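Read the structure below first, then the notes.
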Amino acid sequence: MSGTLNKVMLIGHTGDEVKMHYFDGGGSIGRFPLATNETYTNRTTGERVTNTEWHNIVVRNKGAEICEKYLKKGDKVYVEGRLKTRKWQDDKGQDRYSTEIQCTDFTFLTPKNESGAPSGTSGSSQQNQQAGQTPAQQQHVQQPDIEDNDDLPF
């Protein structure tokens, strides 16, 4: 296989509000922390242990605006994207690194009555830009019912 894969799928809770940055050309970036938990029982002590991992999520353009509007601190969200590591120098000239999830798709999982987000709302940066609609405006299409089953081969 000659190809490679860089794909991340997370379900977690937001650790803060979405922080937005707007650019002169009309683009925008939203950033927020996402917490995922791993829970297990320690075999020697029988104690239940929970480890929390924090992820830096980066959403662009229309997807960022949707997240800013609907995501609140503590909301549960599914995020899909790819890993990206950035390098920069701090005040002392030391090289610093930050690993982020560049979000390409997301789905809000917190029920509507528990936050400002519509339940099950999802978005994809590319799909929303192409369609020109927010996920809440997109309609779900159902498969038509098959009326005549006589022509089926089974």
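Projecting each Cα onto the charge dipole of region 27-93 (Lys/Arg +1, Asp/Glu -1 at the beta carbon, about the Cα centre), which of A35, I66, N51 comes out farthest on the positive side?
Of the listed residues, the answer is I66.
Which FRET efficiency, nearest 0.05, do Y40 and T99 yield, Cβ-Cβ r, R0 22 Å? Intermediate values should be presented prior to the final figure.
Details: r = 24 Å, r/R0 = 1.10.
The computed FRET efficiency comes out at 0.35.
State, in angstrom, two size descriptors of region 8-131 derived from its alpha carbons: Rg to one decimal place and Dmax to the nearest whole number.
Reported Rg and Dmax, both Å: 16.6, 58.
With just the Cα atoms of region 48-97, tell me how far they stretch along each of the three principal axes, in Å, largest first.
Principal-axis extents of the Cα atoms in region 48-97, largest first: 41, 38, 20 Å.
Under a plain spin-label model, where a point goes 7 Å from the Cα along Cα-to-Cβ, how far apart in nm are D24 and L5?
Here the modelled spin labels are 4.2 nm apart.
FYI, it's all coordinate maths here, none of it is from the lab. Only a predicted model underlies this, so the values are computations on that prediction, with no experimental measurement involved. Note: ideal-geometry Cβ built from the backbone for every residue, glycine included; neighbour counts use all protein chains shown.
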